[in-house]
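Below: one structure, written as structure tokens.
The values are calculated or read from the model by the stated rules, or taken from the named source; none is laboratory data. Quick caveat, the model's predicted, so the values are computed rather than measured. Neighbour counts are summed over all protein chains in view; Cβ atoms, including those assigned to glycine, are modelled from backbone coordinates with ideal geometry.
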Amino acid sequence: MGIKEIRVYSVKLQYKEPFRIALGTSTESHNVIVQVITDFEIEGWGEASPSQRITGETPQTVMEALDKISPKLIGMCPLRIEHVVEIMDETVSGNPSAKAAIDMALHDILGKVAQRPLYRVIGGYRTKVLTDFTLGIKSPQEMAEAAVKAIEQGFRALKIKVGINPEEDVERVAMVRNSVGNKVALRIDANQGWTPEQAVNVLKKLERFDLEFVEQPVKANDLEGLAYVRKNSTIPIMADEAVHSPRDALKTVEAEAVDLINIKLMKCGGILNARKIAAIAEAAAVPCMIGCMGESGLGITAAVHLAAATKNIRYADLDSDLLLKDKLIEKGCAELEGSLRIPPNQPGIGIQKIFHGKLGKPIKVYR
Ligand SMILES: [Mg+2]
């Protein structure tokens, strides 16, 4: 059995409202969808949600990478995922979100061949995944209001974006904590916005708000700074932008710079590499979170499967599809029940129906 055809689509999905983090503001997620068709009546779906700020990719570079990769995959067995990833890495360096789209589609096919939901095939550790809801940067008052709204909707964990201005960041966290009470889990993400000294000072002031962890307080390439903050803070430190690949995970662990690692399919190149990061981290007693980068329900549902499958992925921030006004998946998206995301009980990733008006026609077909 082999890959017969790869179709590539370009989709633009609007956010409900501008989404601001320390690195910038997004109003739209421009993603690339791949459909991998086999010669045995099974097809797989994958998504790339590129971020120029995080991985240097754009929809254009994703399509250029797929243009080089796709012809090499025609005729290959879609279940030889390690081999496909090797070929992709030999063909183009970097381009993790383009590779993640192909990897995701192959995992979709794997689950369909096994006739089981993907999470059951790759580990099956849990059946539901508790996600947080992310509060983009606004005034402290507005963020507190958004927090209350999210809790009323059933969320039990919130991720507060900070990293703009240390004083105001403390106010943001204080107002959110005061408005939601003590039972809600709070975590914060500075997206590299502080210097190591600033981070230590701010985190000291935030100790009393019972935070689970802080994501990426300092610059991605400053491992020494990250280790310094970790040594001087009682709040657990999570690496996000500092860890793209399994190799990065090993480096941060060796530098004693992290308590936790945030895995994203779009940073690491897909489910295969994500599982390698989770395994390296597990061996170092470092739990992981799985996050997202503007994926629609397709990429999010794939990530929900991975989180459900994997013991060491203990936290989830899988909400980007909820922040988007435009929906790509009509049927088969991971359900949201309160704060829980439920992987669909269908073979593979489980996508059953895509809004064809949003998907449009393929912009490229390889056969
Ligand atoms: Mg982050």
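Taking the stated definitions as given, is V229 within 16 Å of the ligand (Cβ to nearest atom) and either buried (at least 20 other Cβ atoms within 10 Å of the Cβ) or not aromatic (F, W, Y) (or both)?
Values: within 16 Å of the ligand (Cβ to nearest atom): yes; either buried (at least 20 other Cβ atoms within 10 Å of the Cβ) or not aromatic (F, W, Y) (or both): yes.
The answer is yes for V229.
Taken together, the residues in region 315-347 that are within 16 Å of the ligand (Cβ to nearest atom) and not polar (S, T, N, Q) amount to 6.
The requirement of being within 15 Å of the ligand (Cβ to nearest atom), in a strand (DSSP E or B) and within 17 Å of A274 (Cβ to Cβ) is fulfilled nowhere in region 242-253; no residue meets it.
Okay, residues lined up against (1) of a type in the set (D, E); (2) surrounded by 21 or more Cβ atoms within 10 Å (Cβ to Cβ); (3) without any contact (Cβ under 8 Å) to a residue 12 or more places away in the chain; (4) not in a strand (DSSP E or B):
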{"position": "E5", "(1), (2), (3), (4)": "yes, no, no, no"}
{"position": "L13", "(1), (2), (3), (4)": "no, yes, no, no"}
{"position": "T27", "(1), (2), (3), (4)": "no, no, no, no"}
{"position": "H30", "(1), (2), (3), (4)": "no, no, no, no"}
{"position": "V36", "(1), (2), (3), (4)": "no, yes, no, no"}
{"position": "E41", "(1), (2), (3), (4)": "yes, no, yes, yes"}
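Considered as a group, the residues in region 160-186 that are crowded, with 23+ Cβ neighbours inside 10 Å and of a type in the set (K, R) include one that is farthest from the ligand (Cβ to nearest atom), and that residue is R172. Residues that are over 20 Å from T134 (Cβ atoms) and either within 16 Å of the ligand (Cβ to nearest atom) or assigned by TED's automatic domain parsing to the domain that holds A257 (or both) do occur in region 188-195, at least one of them. Region 57-158 holds helices (runs of 4 or more DSSP H) entirely within its bounds, and those carrying 1 or more residues that are more than 30 Å from K364 (Cβ to Cβ) and out of contact with any strand residue (DSSP E or B) (no Cβ under 7 Å at 6 or more places or on another chain) map to 118-121, 140-152. D210 meets the conditions (1) within 14 Å of the ligand (Cβ to nearest atom); (2) at positive phi; (3) in contact with a strand residue (DSSP E or B) (Cβ under 8 Å, 6 or more places away or on another chain) in every case but one. The failed one is (1). Restricting to region 234-245, name every residue that is buried (at least 20 other Cβ atoms within 10 Å of the Cβ) and not hydrophobic (A, V, I, L, M, F, W, C). D240, E241, H244, listed by residue number. Among the residues of region 43-62, those that are β-branched (V, I, T) and crowded, with 17+ Cβ neighbours inside 10 Å comprise I54, T55, T61, V62.
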